[in-house]
Amino acid sequence: MFHFDKQNENVLYMDKRQHFEKLDSGHVINVNPDVVADFRNMPFEDESFYMVIFDPPHLIKAGETSWLAKKYGVLEETWQEDIKQGFDECMRVLKPNGTLIFKWNEEQVKLNEILRSIDYQPIIGNKRSKTHWLVFMKGVANE
Ligand SMILES: C[S@@+](CC[C@H](N)C(=O)[O-])C[C@H]1O[C@@H](n2cnc3c(N)ncnc32)[C@H](O)[C@@H]1O
């Protein structure tokens, strides 16, 4: 959704599901990644990418049939460990000095809770907004 060019050939899109559905509400859910895989165990070699954009679900509770849950997904009960594993995997597949962009919305879980769960510190981020875009750099004062 946040990609300016959704067919950008320079980007490899990964999600754990492939899903197309037209809801009665008129919303269209179209999750159509290049690679179907789990961010906790990515099918990529170490040091594969210059940049990784990590945009996990930010909801821990939402009706399973709700439009939001279908569009954005919902975190599992083990979300703290899952997000930590996701960060570790993002850093593993990044090249040295590579950039990790992380998006988080604080609707249900505060950013500080996320930062407490992971072993990395962002370089910059917008602290006032409810939606955060954080920038991390592999190997730079963050491990
Ligand atoms: C906020 S959405 C991503 C939206 C995407 N950035 C875009 O611009 O369209 C979060 C996605 O993470 C996926 N997801 C949830 N758990 C996952 C996991 N363990 N591994 C990979 N993808 C996962 C969900 O299926 C959901 O589509």
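Laboratory data are not the source of any read-out in this text; all were calculated from the coordinates shown. Because the structure is predicted, anything quoted here is derived from the model rather than measured. Virtual Cβ from ideal backbone geometry, glycine too; neighbours counted across all protein chains shown.
Structure data summary
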| item | result |
| --- | --- |
| Extended-chain gain in nm, criterion 0.36 nm per residue less alpha-carbon gap, Asp5 and Gln18 | 2.8 nm |
| Additional length obtainable on full extension of the chain from Lys61 to Glu113, 0.36 nm per residue less Cα span | 17.1 nm |
| Cα-centred dipole magnitude for the chain, charges only on beta-carbon of K, R (+1) and D, E (-1), debye, nearest 20 | 560 |
| Once the Cα gyration tensor of segment 67-143 is diagonalised, semi-axes √(5λ) in Å | 22, 15, 12 |
| Built amide H within the under 5 Å cut-off of Lys16, gap 5+ | Ala37 |
| Residue list for segment 96-112, given a label point 7 angstrom along the Cα-to-Cβ vector of Asp46 and an amide N cut-off under 19 Å | 96-100 |
| Zone of Asp88's modelled label, taken as backbone nitrogen in segment 121-138 under 16 Å from a point 7 Å along Cα→Cβ | 121 |
| Percent of alpha-carbon pairs separated by more than 16 Å within segment 14-137 | 65 |
| Leu94 long-range amide H proximity, modeled H, under 5 Å | Glu47, Ser48, Phe49 |
